[in-house]
Each structure stands twice: as structure tokens, then as C-alpha cells.
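> Can you keep this structure in mind? I'll have questions shortly.
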Amino acid sequence: MSKARLITEIVIVLGLSIGMSALYSIVNIAVRLSREAGLSSQTATLNRSASELEWADFLYQTLGILSSLVPVALVVFLLWNNRKPHLGALGLDGSRWGRDSAAGLGLAALIGIPGLGLYLLGRELDLTVTVVPSALNTYWWTIPMLIALALRAGILEEVIAVGYLFARLRQLGVSMWPIIVVQAVLRASYHLYQGFGAFIGNFVMGLIFGWIYAKTGRLAPLIIGHTVIDIVAFVGYPLALSFLPETLGFVL
């Protein structure tokens with residue numbers, strides 16, 4: 001495949017997924033900075049109800065998850081090699097689930113605990129907005145849906161931002177560290193709507209995840225770690241809201 005075709009493909013894939021999210025996020029932070037209120041007094045809600053009707057809300061949430069995973073399916077299709085199915089090449093073949101799960105849980109602790117501290121510091125310095133991880137109405141399916149949303153985020157971001165970009169940028173002759181930095185900047189950019197603290201935290205997360213993938217060639221630990229972090233944030237939000245509303249900056 002020619003370099004021009006590879007670059008065009010990368011632009012299209014990112015334009016259909018996290019690249020467009022990054023552009024929206026940049027516009028969003030510009031809007032936030034234009035307001036008189038400081039960032040810490042502004043709110044970003046990650047998961048909100050889409051309808052007051054329970055059945056419609058469930059369908060909207062489900063369709064949202066499915067539609068956001070279409071670019072992932074596209075990426076897997078584009079990277080598919082008949083001689084070696086690319087799920088295996090990406091480290092998603094299920095051959096090391098025990099070690100991958102343990103590594104993923106370790107990554108969740110490594111990133112999640114300092115990340116909470118960075119969030120609190122960012123709010124104190126007025127660099128980070130108040131993040132509300134979930135505002136879904138409470139139904140019997142709310143917690144399973146939040147878990148599915150967390151898994152969606154883990155799969156979408158790690159497969160495209162890490163697995164896909166590494167594969168294509170390597171084909172373009174880009175060396176390891178520039179690839180790591182590029183995908184870290186991309187990851188940080190589509191979280192910029194949460195403030196500059198989130199940008200820094202996700203940039204560091206991108207560096208760590210990118211380095212680990214470059215060394216191991218396995219996406220499974222990254223997806224597991226990312227998903228666990230989001231599950232703790234999404235599902236644990238009501239409990240945190242009850243016990244630490246002022247400390248965490250959550251709003252009723």
C-alpha cells in the first residue's frame with residue numbers, strides 16, 4: 001500500500017472515531033475558557049440519559065455503543081491478514097487471559113489512583129472541570145449498561161488509538177517513540193473537554209500504555225485496565241457522591 005493511501009486511510013478512520021472526538025473536545029475547551037466561570041465550577045457529564053422513557057433510553061444507549069464500535073470493526077477488517085488473523089497480532093487472541101487480566105488490573109491501579117489525585121489537584125488549581133461520570137436514570141439495567149459503556153470506551157480507544165495507529169505508523173516508517181507520543185497526544189486531546197488536568201493525565205496514560213504495547217504487542221491488558229478504571233468511575237459514582245460530595249467536587 002502506498003504512503004499516500006495509508007495516510008488517507010488513517011485520516012478517514014480517525015475522522016470516523018476518536019479523531020473527530022478530539023476536534024470536538026478542542027472546540028469544547030475553547031468554549032469553556034470563554035466563559036466567566038472558572039473550569040472547576042463547570043461540569044462535564046460523561047453518561048447521561050437519552051430519554052425519559054425507559055425502553056427508549058435503553059435502546060438509545062445500546063445503539064450508541066454499537067455505533068461507536070463500528071470503527072473498531074472497520075479497523076480490524078482493514079488490518080486483517082489472511083496469513084495471520086489480526087486479533088492475534090494485536091494481542092487479543094485469548095491465549096494469555098490470566099496474565100493479561102493481572103496486568104490489566106495492575107495498570108488500572110497504576111493509572112487510576114494517581115489519576116484521582118491529579119483530578120483533585122486540577123480542580124484546586126482551576127484547571128479541570130467537575131466530572132460527573134454518570135447521570136443515567138436508575139433502572140434494573142443501569143449498572144450493566146454502565147459496565148458496557150466502560151467496555152466500549154476501553155475497546156474503542158485502545159484498538160484505534162494504540163493498535164491501529166501503531167500498525168499503520170510503523171508501515172509508514174515511523175519509529176517507536178514518535179508513535180508513542182503521537183497516540184498519547186491524540187488520547188489527551190479527546191479528553192481535553194474535561195480540562196487541562198485531564199489532558200496531562202491522559203497524555204501520561206498514553207505514554208505508559210503506548211510503551212507497554214510497544215514492548216509486549218498485546219492490547220488485552222490495556223483494554224482490561226482502561227475498562228476497570230471506567231467501571232470504578234461510572235459504577236462507583238453514586239457511592240462517591242454520597243460520601244465525598246465536596247471533596248470530589250461532584251454536584252447533586
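The values are calculated or read from the model by the stated rules, or taken from the named source; none is laboratory data. This structure is a prediction, so every number in the text was calculated from the model and none was measured. Ideal geometry is used to build each Cβ from the backbone, glycine not excepted, and the neighbour counts take in all protein chains shown. These area figures cover heavy atoms from the full protein model, side chains too; ligands, DNA and RNA do not enter into them. Shrake-Rupley method; radii C 1.70, N 1.55, O 1.52, S 1.80 Å.
> Which of (1) outside any helix (DSSP H, G or I); (2) surrounded by 12 or more Cβ atoms within 10 Å (Cβ to Cβ); (3) not aliphatic (A, V, I, L, M) does E36 not meet, given it meets every other one?
Against the list (1) outside any helix (DSSP H, G or I); (2) surrounded by 12 or more Cβ atoms within 10 Å (Cβ to Cβ); (3) not aliphatic (A, V, I, L, M), E36 comes up short only on (2).
> Separate question: Do any helices (runs of 4 or more DSSP H) lying entirely in region 173-252 carry at least 1 residues that are open to solvent by less than 30 Å² (accessible area, probe 1.4 Å) and at pLDDT 95 or above, and which ones are they? Outline the logic, then answer.
Numbers: elements: 176-189, 196-216, 220-243, 245-248.
Of the helices (runs of 4 or more DSSP H) lying wholly inside region 173-252, those with at least 1 residues that are open to solvent by less than 30 Å² (accessible area, probe 1.4 Å) and at pLDDT 95 or above span 176-189, 196-216, 220-243.
> Still on this structure, I have one more. For region 18-50, name all the residues that are without any contact (Cβ under 8 Å) to a residue 40 or more places away in the chain and of a type outside the set (D, E, K, R). It would help to see each step written out before you state the result.
Within region 18-50, the subset without any contact (Cβ under 8 Å) to a residue 40 or more places away in the chain is 20, 23, 27, 30-31, 33-37, 50.
Within region 18-50, M20, L23, V27, A30, V31, L33, S34, A37, A50 qualify.
> Looking at V13, V31, which is the one that is part of a helix (DSSP H, G or I), within 18 Å of the chain's Cα centre (by Cα), of a type in the set (A, V, I, L, M) and over 19 Å from L149 (Cβ atoms)? Let's see the steps before the verdict.
On the way: V31 fails: within 18 Å of the chain's Cα centre (by Cα).
It is V13.
> Go through region 4-17 and report how many residues are in contact (Cβ under 8 Å) with a residue 24 or more places away in the chain and closer than 16 Å to V182 by Cβ.
Of region 4-17, the ones in contact (Cβ under 8 Å) with a residue 24 or more places away in the chain are 6-7, 9-10, 13-14, 16-17.
Okay, now just the ones that are also closer than 16 Å to V182 by Cβ, so 6-7, 9-10, 13-14, 17.
Of the residues in that region, 7 qualify.
> Continuing with the same structure: Do you know which residues across region 124-147 are crowded, with 19+ Cβ neighbours inside 10 Å and out of contact with any strand residue (DSSP E or B) (no Cβ under 9 Å at 6 or more places or on another chain)?
Residues satisfying the conditions are T142, M145, L146.
> Follow-up question, since we're still on this one. Which of the residues that make up region 90-104 are modelled with pLDDT of 90 or more and in contact with a Gly (Cβ under 7 Å, 6 or more places away or on another chain)?
G104
> Pull out all pairs, ordered by first then second residue, where Cβ-Cβ is under 6 Å, the residues are six or more apart or on different chains, the first lies in region 180-199 and is in contact (Cβ under 8 Å) with a residue 60 or more places away in the chain, and the second is part of a loop (DSSP other than H, G, I, E, B) and crowded, with 22+ Cβ neighbours inside 10 Å.
Q194/V129; G195/V129; A198/H191
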